[in-house]
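The values are calculated or read from the model by the stated rules, or taken from the named source; none is laboratory data. In this text the structure is predicted, and so the values were computed from the model without any measurement. Because the Cβ atoms are built from the backbone with ideal geometry, glycine has one as well, and the counts that use them run over all protein chains shown. Each accessible area value is taken on the protein alone, full model and side chains, heavy atoms only, with ligands, DNA and RNA left out. Shrake-Rupley method; radii C 1.70, N 1.55, O 1.52, S 1.80 Å.
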Amino acid sequence: MISIRQRVLPQPLFSLVLLAVWLLAQGKLELSTIIGGVVLALVLPALTYRFTDSFPKVRRLRPLIQYVVIVMWDILVANLVVARLILGSSRKLKPTFLEVPVKLTNPYAITIFAATISLTPGTVSSNLSGDRKTLLVHALTSDDPDAEIQLMKARYEAPLLEAFQ
């Protein structure tokens, strides 16, 4: 039997994230914006909870919070680095494909990992192997591919492993 809390708020973390993203995207804190965000945060999870039975359970919240901070910082820094590369000489660009081994096993956690890499300017996730053990990533430039792979795993995959597995 489903409780009232589960019907109204089936995925509290998802609702909280939706509300936060909505408020940040609107750029202003007005009553109508807050009401719209709350409605969105209540309705979307209620409509989609049946499809998320395999969504990873958050085991530890602290690594997830650290992960969000790291990703936001990396996006800011990467924007500046990519802008400098694009505006500079094209000889500095060394595009390459990186084969990133994946330890995550849950499809949603892997998706978060791949999306994070794509959100960071200068890198794009392009393919996940059929066995879900290797993620192919295109990097705009890389002097040391192995170091790039280790950085992605340390900054993005490790906190996700700690939070979800």
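W22 exposes around 80 Å² of accessible area when a 1.4 Å probe is run over every protein chain in place.
By a 1.4 Å probe calculation restricted to protein chains, T120 has an accessible surface near 10 Å², given to the nearest 10.
Estimated from helices alone, the mean residue ellipticity of the chain at 222 nm is -18000 deg cm²/dmol (sum of -39500 (n - 2.57) over DSSP H runs with n ≥ 4, per residue).
In this structure K94 has an accessible area near 100 Å², from a 1.4 Å probe over the protein heavy atoms.
A cut-off under 13 angstrom between Cβ atoms defines the neighbours of Q165, and their net charge, with Lys, Arg +1 and Asp, Glu -1, is +2. Among Q66, Q150, Q11, which one moves the most in a GNM of the chain with springs linking Cα atoms closer than 10 Å? Residue with maximal mean-square fluctuation among Q66, Q150, Q11: Q11. Dividing the convex hull volume of the alpha carbon atoms of the stretch 33-137 by its residue count gives 150 Å³ per residue.
Evaluate the charge dipole of the stretch 10-165 about its Cα centre and quote only its size in Debye, nearest 20, assuming +1 on the Cβ of each Lys and Arg and -1 on the Cβ of each Asp and Glu. Dipole of the stretch 10-165, to the nearest 20 debye: 120 debye. For the modelled label position 7 Å from the Cα of R59 along Cα-to-Cβ, which residues of the stretch 97-117 have backbone nitrogen atoms closer than 15 Å? Within reach of a label on R59, which here means backbone N under 15 Å from a point 7 Å along Cα→Cβ, the stretch 97-117 contributes 103-107, 109-110.
Computed over protein heavy atoms with a 1.4 Å probe, the carbon and sulfur contribution to the accessible area of the chain reaches 66%.
Rounded to the nearest whole Hz, the Karplus-based 3J(HN,Hα) values (6.51 cos²θ - 1.76 cosθ + 1.60, θ = phi - 60°) of the stretch 32-47 follow the sequence 5, 5, 5, 4, x, x, 5, 4, 4, 5, 8, 6, 4, x, 5, 7, with x at glycine and proline. Only Cα pairs under 8 Å and 6+ residues apart enter the sum, and on that basis the relative contact order of the stretch 1-127 stands at 23 percent.
Amide H to amide H, with H built 1.01 Å from N, T134 comes under 5 Å of V102, S129, counting only residues 5 or more places away or on other chains.
For the pair L44 and L151, a Förster radius of 35 Å applied to the C-beta separation gives a FRET efficiency near 0.60, rounded to the nearest 0.05.
Could you give the accessible area per residue of the stretch 17-165, probe 1.4 Å, as a whole number in Å²?
On a per-residue basis, the stretch 17-165 sits at 63 Å².
Converting phi to 3J(HN,Hα) with the Karplus coefficients 6.51, -1.76 and 1.60 and the offset θ = phi - 60°, the stretch 153-165 yields 5, 6, 7, 10, 6, 4, x, 5, 4, 5, 6, 9, 10 Hz in sequence order, with x at every glycine or proline.
In terms of accessible area, using a 1.4 Å probe and ignoring ligands and nucleic acids, E30, E99, E148 rank largest first as E99, E30, E148.
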